[in-house]
Amino acid sequence: MRLIDHHCHGAVTGPLDRAAFEALLTESDRPPPPGCSGFDSQLGFAVRRWCAPVLGLEAHCDPGDYLDRRAELGPDEVNRRLLRAAEVEVFLVDSGYRAGELLDGPAMAAAAAAEVREIVRLEAVAEALDGVSAAGFADAFDRVLDDAAAGAAGFKSVVAYRQGLDFDPHPPTRREVTRAAGRWLRRGRPRLDDPVLLRHLIWTAVDRGGPVQFHTGFGDPDLDLARGDPLLMTSFLRATRDRGAAVLLLHCYPFHRQAGYLAQAFPHVYLDVGLALNHVGARAPAVLAESLELAPFHKVLYSSDAFGPAELHHLGAVLFRQAFGEVAGQWSKGDAERVAELIGSGNARRVYRL
């Protein structure tokens, strides 16, 4: 099954001790209670089952043995083995979060022996503007976004984290943007969470024709999950359906059924269940099946949303292929192969013009 991972992050470049590795097996920002382990989860079990053999260990090996082997091989060899074992042809990488800790595009491409294209995180571009004034914010963002987007495959917003998906669906006026930029600059340029500026970033990407990815569904505790339901974007989707920009709903869980409805109802809406499949492990077939209940098959894409350990890039591919095989088991062989091509890579090639 050919795969394009349409949304992920880079693999971590340095060694990981047990605490650091386990911290990347959960969306929590706190360690487990004393005497407990992050390996005791669907994701932890999946790592020991599917990643251990790639590193030369028996499946289901002891977590300590797994981490010892990881340290023995070193991060470069671990990344090379796991990324290549995923057999992904193209990675679309959001490099706008903790970029200094992760493989950059060329290094990721070399480790994975695959093509890498960038997804531009809108908020990161705005926060990196240098020497900007309130009146010049809009023009400066336009210029810098054009430079950042050169050669990139699309854009991404994390408005779900910064405000919630219940944002005002309409583009702000130039005057509103100037006033909001002034407020933000007077606050000392903190994390950009001004609702007017967030809308401006999103509509700037829409006006460029997208595609625009949106984090939806679960994430770390910085997120208010109640405001991560993609149904909250319905008015925005109505406002953008004739603008020519595809909207990609990322992750979606536990709102993947809602996302499937939106993908059926709106011609420019697409979804994935990346991130979720890794975390639900053995339950991946059930979650994938639920995401396909309403969504047309030409509106669903594969992603891993892997961040940090290359185990997550590998597991995303393994669990997706296995889950799809179970879900498609009641279809004809020809239909299963055709839909596998669509969801695995064909839809991504079309939407991102790869």
Worksheet item: Using alpha carbons only, what's the Rg to Rh ratio of the chain with Rh from Kirkwood?
Response: 0.97
Discussion item. At 7 Å along Cα-to-Cβ for each site, give me the label-to-label distance between R183 and C36 in nm.
Written reply: 4.0 nm
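How big is the charge dipole of the chain about its Cα centre, in debye rounded to the nearest 20, if each Lys and Arg gets +1 on its Cβ and each Asp and Glu gets -1 on its Cβ? Numbers along the way, then the final one.
On the way: 39 positive and 47 negative charges, 207 e Å.
That gives a dipole near 1000 debye.
Please give the FRET efficiency for E293 paired with D130, using the beta carbon to beta carbon distance and R0 = 45 Å, rounded to the nearest 0.05.
Values: r = 47 Å, r/R0 = 1.05.
Using R0 = 45 Å, I get an efficiency of 0.45.
May I ask you to compute the full-extension gain from D224 to S332, defined as 0.36 nm times their residue separation minus their alpha-carbon distance, rounded to one decimal in nm?
Details: separation 108, 0.36 × 108 = 38.88 nm, distance 4.16 nm.
Taking 0.36 nm per residue and subtracting the Cα distance, the gain is 34.7 nm.
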Item to complete: Rounded to the nearest 10 degrees, what's the angle between the helix 63-73 long axis and the longest principal axis of the chain, both from Cα atoms, 0 to 90?
Response: 80 degrees
Fill in: Gap separating the Cα centres of segment 262-290 and segment 32-77, nearest whole Å
26 Å
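Is segment 73-121 best put as rounded, prolate or oblate by its Cα gyration tensor, with a ≥ b ≥ c the root eigenvalues, rounded for a/c under 1.5, and otherwise prolate when a/b is larger than b/c, oblate when not? Don't skip to the answer; put the middle values down first.
Numbers: a/c = 2.50, a/b = 1.32, b/c = 1.90.
Here segment 73-121 falls in the oblate category.
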Practice prompt. Extending each Cα 7 Å along its Cβ direction at D146 and Y97, get the distance between those two points in nm, one decimal.
Written response: 3.0 nm
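Would you calculate a helix-derived [θ] at 222 nm for the chain, using -39,500 (n - 2.57) for each DSSP H run of n ≥ 4 and dividing by the full residue count, to the nearest 500? Mind showing how you got there, number by number?
Values: 17 runs with 152 residues, N = 354.
Helix contribution divided over all residues of the chain: -12000 deg cm²/dmol.
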Fill in: Furthest towards positive pole of dipole, H279, V90, L231, structure part the chain, Cβ charges
L231
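What length, rounded to one decimal in nm, is gained on full extension from D68 through to D193, with 0.36 nm per residue of separation minus their alpha-carbon distance? List each step's numbers first, then the result.
On the way: separation 125, 0.36 × 125 = 45.00 nm, distance 4.14 nm.
Fully extending the segment from D68 to D193 adds 40.9 nm.
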Worksheet item: What percent do you get for the relative contact order of segment 101-237 when only Cα pairs under 8 Å and 6+ apart count?
Response: 29 percent
Fill in: segment 20-101 pair-distance distribution - Cα-Cα, 10 Å bins, rounded %
15, 43, 36, 6, 0
Worksheet item: Taking the Cα centre of segment 150-237 as the origin, how large is its charge dipole in debye, to the nearest 20, when only Lys and Arg (+1) and Asp and Glu (-1) carry charge on their Cβ atoms?
Response: 560 debye
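Can you list which of the chymotrypsin sites (Phe, Trp or Tyr not before Pro) found in segment 320-354 are DSSP loop residues with at most 16 other C-beta atoms within 10 Å?
Working: sites: F320, F324, W331, Y352; in loops: W331, Y352.
Loop-located and lightly packed - W331.
Are there any GluC sites (Glu not before Pro) in segment 1-73 that are in a DSSP loop and have at most 15 other Cβ atoms within 10 Å? List them by number.
Working: sites: E22, E27, E58, E72; in loops: E27, E58.
The qualifying sites are E27, E58.
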Item to complete: Quickly work out the M1-to-S28 label distance, labels modelled 7 Å from Cα along the C-beta direction, and quote it in nm with one decimal.
Response: 3.0 nm
Worksheet item: Can you pull the Kirkwood radius for segment 281-354, inverse mean 1/r over Cα pairs, to one decimal in Å?
Response: 12.9 Å
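What shape does segment 189-300 take by its C-alpha gyration tensor, where a ≥ b ≥ c are the square roots of the eigenvalues and a/c under 1.5 counts as rounded, a/b above b/c as prolate, and the rest as oblate? List each step's numbers first, then the result.
Working: a/c = 2.27, a/b = 1.28, b/c = 1.77.
Oblate is the answer for segment 189-300, as a/c is 1.5 or above yet b/c matches or exceeds a/b.
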Discussion item. Restricted to Cα positions, what overall size does segment 213-277 have along the principal axes? Three whole-Å values, descending.
Written reply: 34, 21, 17
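Read-outs throughout are calculated quantities, based only on the coordinates presented, and are distinct from any laboratory measurement. This one's a predicted model, so the numbers in the text were calculated from it and none came from an experiment. Every residue, glycine as well, gets a Cβ built from its backbone with ideal geometry; the counts of neighbours run over all protein chains shown.
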